[in-house]
Each structure stands twice: as C-alpha cells, then as structure tokens.
Amino acid sequence: MSHESHATSPLPEDHTMETNNDQGQDGAQDPEQRIAALEAECEELRSNWQRAQADYQNARRRALADVESGVRRALQPLLDGLLTVLDNLDMALAAPTQSEDAKNLAIGVELTRRQLASALETQAVEPIPAVGKFDPERHQAVSQVPSDDHAPGDIVETLRLGYTWRGGVLRYAQVVVAAEKE
C-alpha cells in the first residue's frame, strides 16, 4: 500500500491534532483546558442523546396511540351493532313463553345470547355495573323518580345495559336514578 493512498483515505479526524488558540508556545494544549473541552463535548453529546431518546419515546407513544385510535374507529361500529343484537336477544328472552315451542326457542335464544356475550368478553367488552350510585362517567340518567327504597343518586332501574371496551365507555348504561323525596 502506498503512502499516497493512505493519505487520501477518509479517516475520522483526530481531536488531539486540532489547533487551538489556547495552546502553549510549544504547540501542546493545556491539559486542564483539554479536559474541560472534552467534558463539555461529552455533556453536549449526552444531552443530544437524551433528547433523541425522549423524541423516540414520544414518537413511539404517538404511533401506538394512533394505531389504538384507528382500531377503535374501525371496530366501534361493529361492536355497536353486536350490542344491538345482544339487546334484541334480551328483549326476545323477556317475551312470555307459554307454549313448549316458545320455551324451546327461548332456550336457543339464551344459548345464543351467552355465546355472543362470551365472544364480546374475549374482546374486552364488559358490562357496566348498573347498581349502586349513579356515575356520570358510566351512566346516562334517563329519568329521576322519588324512592323510599333508594338513597338520592342511587340507581333504581336499568333500562339499557352499558359496556366498556379497552378502558373506555363503549355505550353508557341508561338508568333511572332516585331523586330527593319531596
């Protein structure tokens, strides 16, 4: 290998060969100044690295949130439709069954309802408890009625079950709430 090809090869700069106005008369830099300069450069690189790490984490969180939001937007209409089917199955089960055929049909409807409810649970769709105190974050008050049996603000009756999905409300529970006695 010739000396000329070695001289033209792209090698990283050697920081020890830099010229500096703070060098002594013999061309050597003061060691304390060199240490201070290297510490400052190290701190700047560390700061840049930390900013890059924070930017990466923020971008990653935003990307995950965007994907979650997209999945939610895509699945919400399907889940709403399935909840409507569940409501219809509940209404069918509430109908009176007097004949043997109606009773057998009700058994099939109940099995179908359980299977649908189970499938929704595997996708983290959970019913909102509609008992106890009214919670505006999870319940929708359809009306208020005076009640001797319930304290004001307690749920008296559930008109339509509500559901949560992935930590958020998919559908609010529609409830009747006890009012103050007059």
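The values are calculated or read from the model by the stated rules, or taken from the named source; none is laboratory data. These numbers come from a predicted model, not from an experiment. Note: ideal-geometry Cβ built from the backbone for every residue, glycine included; neighbour counts use all protein chains shown.
Scan (1) assigned to a helix (DSSP H, G or I); (2) modelled with pLDDT under 95 for the single condition residue 44 breaks and write down its number.
(2)
Taking the options 47, 69, name whichever one is within 30 Å of residue 170 (Cβ to Cβ) and hydroxyl-bearing (Ser, Thr, Tyr).
Residue meeting the stated conditions: 69.
Condition (residue is surrounded by 10 or more Cβ atoms within 10 Å (Cβ to Cβ), in contact with a helix residue (DSSP H, G or I) (Cβ under 7 Å, 6 or more places away or on another chain) and under 29 Å from residue 160 (Cβ atoms)) applied to region 58-80: is it met by at least one residue?
No, every residue in region 58-80 fails to be surrounded by 10 or more Cβ atoms within 10 Å (Cβ to Cβ), in contact with a helix residue (DSSP H, G or I) (Cβ under 7 Å, 6 or more places away or on another chain) and under 29 Å from residue 160 (Cβ atoms).
In region 110-132, is there at least one residue being surrounded by fewer than 15 Cβ atoms within 10 Å (Cβ to Cβ), farther than 23 Å from residue 77 by Cα and outside the structural domain of residue 72 (by TED's automatic domain parsing)?
Yes, some residue in region 110-132 is surrounded by fewer than 15 Cβ atoms within 10 Å (Cβ to Cβ), farther than 23 Å from residue 77 by Cα and outside the structural domain of residue 72 (by TED's automatic domain parsing).
Rundown of residues vs (1) in contact with a helix residue (DSSP H, G or I) (Cβ under 8 Å, 6 or more places away or on another chain); (2) of a type outside the set (Lys, Arg); (3) at pLDDT 95 or above, yes/no style:
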position: 114; (1), (2), (3): no, no, yes
position: 147; (1), (2), (3): no, yes, no
position: 166; (1), (2), (3): yes, no, no
position: 172; (1), (2), (3): no, yes, yes
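Can you name every one of the strands (runs of 3 or more DSSP E) wholly within region 80-182 that holds 3 or more residues which are without any contact (Cβ under 8 Å) to a residue 40 or more places away in the chain and in contact with a Phe, Trp or Tyr (Cβ under 7 Å, 6 or more places away or on another chain)?
Output list reads 139-146.
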